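Undergrad: Below is the structure I would like to discuss, written out as structure tokens.
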Amino acid sequence: QRAYDDRDGVVRQAVLTALVQLDAQAALPLLTGALSDEDDQVRVTAVDLLASYLPGEANAALVEAATDEAAAVRVAALRTLATTASDEAFDALLQGRWDDDYRVSRTAIEGLGQFGERALPPLEEALSEDRLSDQAALHALGKIGLPALPLLLEGLNHNRLPARRAAADALLILLAAGNLPQKSEQRILDARKALTLYGEPDLVDILDNYDL
């Protein structure tokens, strides 16, 4: 661990990686301490190692890292927190979706897809905010699956083609999985109408032939 005091950030990253591979649990204090390292790349490395070797064991430190001055650190922290499905992570993602850096806000919005139905209200808001958040919201809704079906179908009427395609991609996954109940028949018909208007022939064909 003495080698971690090296002035070279690349060396400190290598030391962290080696120590975690030797004994992840024993390296936990050093990893959480590295989240305050002066080098932002070392901080990113610490977050990534926590995600790979010690998921869920440093949530408090990761929540703090989600407000780091470096966008790359915030992205890594939010991505890791999303995998923990904890209340603290959910709150951090809600805060992160308002980040000034697009990469951070997109990561936060997509991460909300790991939280199921509780994430539907903020994702619905994100759909109507701006072009930088709508596709991320639709990708997240696709992770939620059937409970997000009404919002996904609404996304097919979005005024931006990339957003409509993101909604169509998510809906195709639901169709392929056979997860749509009988009561969704009218919604499927509405989707076909929207897709016909916006010219997505492949999905129109699938919807026409889907066995409800």
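Undergrad: Computed FRET efficiency, Cβ-Cβ of LEU175 and GLU129, R0 22 Å: what is it to the nearest 0.05? Working shown, then result.
TA: Numbers: r = 27 Å, r/R0 = 1.25.
FRET efficiency, LEU175 to GLU129: 0.20.
Undergrad: Could I ask something else about it? Taking the simple approach of a point 7 Å from Cα along Cα-to-Cβ for both VAL10 and LEU146, what is their distance in nm?
TA: 5.3
Undergrad: Here is a follow-up. Can you list residues whose amide H is under 5 Å from SER36's amide H, if they're 5+ apart or on another chain and H is modeled 1.01 Å from N?
TA: Here the answer is none, since no amide H 5 or more places off falls under 5 Å of that of SER36.
Read-outs: derived from the displayed coordinates by stated rules, not from any lab. Computed from a predicted structure; not experimentally measured. For neighbour counting, all protein chains shown are included, and Cβ atoms are generated from backbone atoms with ideal geometry for every residue, glycine included.
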